[in-house]
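Shown next, in structure tokens, is the structure this report addresses.
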Amino acid sequence: MTYPFDRIVLLHASLSVLCRRWAWGMVGCFFLCSAGYGQDAEQVQGLKLPSLLGPSAGLGRSELRQRWEGHRRQEILQQFEQHVYGKAPHQGFEVTVLNTDWQWVGPYAAKRKTIQAHLAGPMGSLEFKVTLWLPEKSLGPCPVFLGMHLFDSGSLQPVLGQPWKGSSSKGPELASQNPSWLWQQLFVRGFGAATVDADEMDPDQHDGFKNGVHGLFHDANRQTHGDRDWGTLAAWAWGLSRALDVLARDQEVDGERVMVVGHSRMGKAALWAGATDERFAMVFSNNSGCGGAALSRRRHGETVAHINRVFPHWFCSQFHAYGDAEDEIPVDQHQLIALMAPRPVYVASALEDDWADPKGEFLSAYRASEVYSLYDKAGCPGPAQPELNQSVGEGVGYHLRSGRHDLTTFDWMCFLDFAEAQAHRSKRK
Ligand code: GCU
């Protein structure tokens, strides 16, 4: 059982009422348990989820926080590496900036920089570029949204964080159909944007982990890719960190305010990047679904068995052992969201995106809020899913948008409002 401190105080109060007025006390206890994170940490709407904080009977909030920071966070991170995404190399690489080219882009009153970088690993090297857009009128180093995409980053208006240029539908509400709108919104609010091409880091194909960054570390003497070695999502997440290395060296970028954003498979990569690299100031996941924000144990929409069958290269090989055995995965995705704490994180779902399991995405955000409560942050309210098209939460943001699997202007509007609100909150502290 996990009871954050404020819940313990409330529980205590409820129990004293219980002694005096048995019936009203029972009602109080019922509300306490049903409204907050104070319910049994392992029981969420009939699901048995791995615990976030471990056995916590008798522990106060500061002890739980010490435990989280001391070892529990690290333990969970390692379990994700060992069982889900695979372990990326932490050493043996070097990023060098080769060339920076920039030009003014009139209609947006913005500057576009193309930064060519070189990445060297023990078995080879590759080049990649980061395209950076900065508003013309930036007062000092600029906060930047960074996202990967899977098409030409030379495009004048790449849609950051989106895995493909087209989308499952068409309409002015889609960010990909309306890039000028997105660019204006970002610049007017003082944000920059940066993109990196996922294909340059690791092509989205199953080739036995030889191409892209995997190849730089692939030992020719080793015949097999180990069960716990990194898959493509981990390679993309790692690539986002290398892009952050590049951005952090640019004097016009505020390296402490780089936010990572991604839709769908790029949303999965953005979450893993935020978990593995605490330099990311905020993390935004849009419709990331299975292997992203959605709880695997719900087996709703895309399942672990399906994702491993269709995309055998995305996760580590060990994850394949859990197809149809989700309860045996030592972790679940609410713990991934919690790994961002106390940094702000936002999870976005779409009503008609059943494949990504909007309810499972919401429950992750809601459950992860237990860790945010250790840092005095309200988190994402629950357990009922918020009303349609309403952005909720502090520390952990969430919305359920009407419509399909897409990254829309509504999603971006919520992300930008959340990012601004968080920035103001941290200024007040
Ligand atoms: C497929 C896949 C999803 C993924 C999506 C995408 O639908 O099953 O897991 O999120 O592609 O990236 O577009």
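Rule-based calculations on the coordinates, nothing more; no lab input. Not measured: the values here are computed from a predicted model. No Cβ is skipped: glycine too gets one built from the backbone with ideal geometry, and neighbour counts run over all protein chains shown.
Of note:
- Enumeration of residues in the stretch 244-298 that are assigned to a helix (DSSP H, G or I) and within 16 Å of the ligand (Cβ to nearest atom): Arg265, Met266, Gly267, Lys268, Ala269, Ala270, Leu271, Trp272, Ala273, Ser296, Arg298
A quick yes/no check of all residues on (1) closer than 21 Å to Met340 by Cα; (2) among the hydrophobic types (A, V, I, L, M, F, W, C); (3) in contact with a helix residue (DSSP H, G or I) (Cβ under 6 Å, 6 or more places away or on another chain):
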site	(1), (2), (3)
Arg265	yes, no, no
Gly274	yes, no, no
Asn287	yes, no, yes
Phe311	no, yes, no
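- Listed by position, the helices (runs of 4 or more DSSP H) inside the stretch 310-429 whose residues that are of a type outside the set (A, V, I, L, M, F, W, C) and within 16 Å of the ligand (Cβ to nearest atom) number at least 2 are 358-373.
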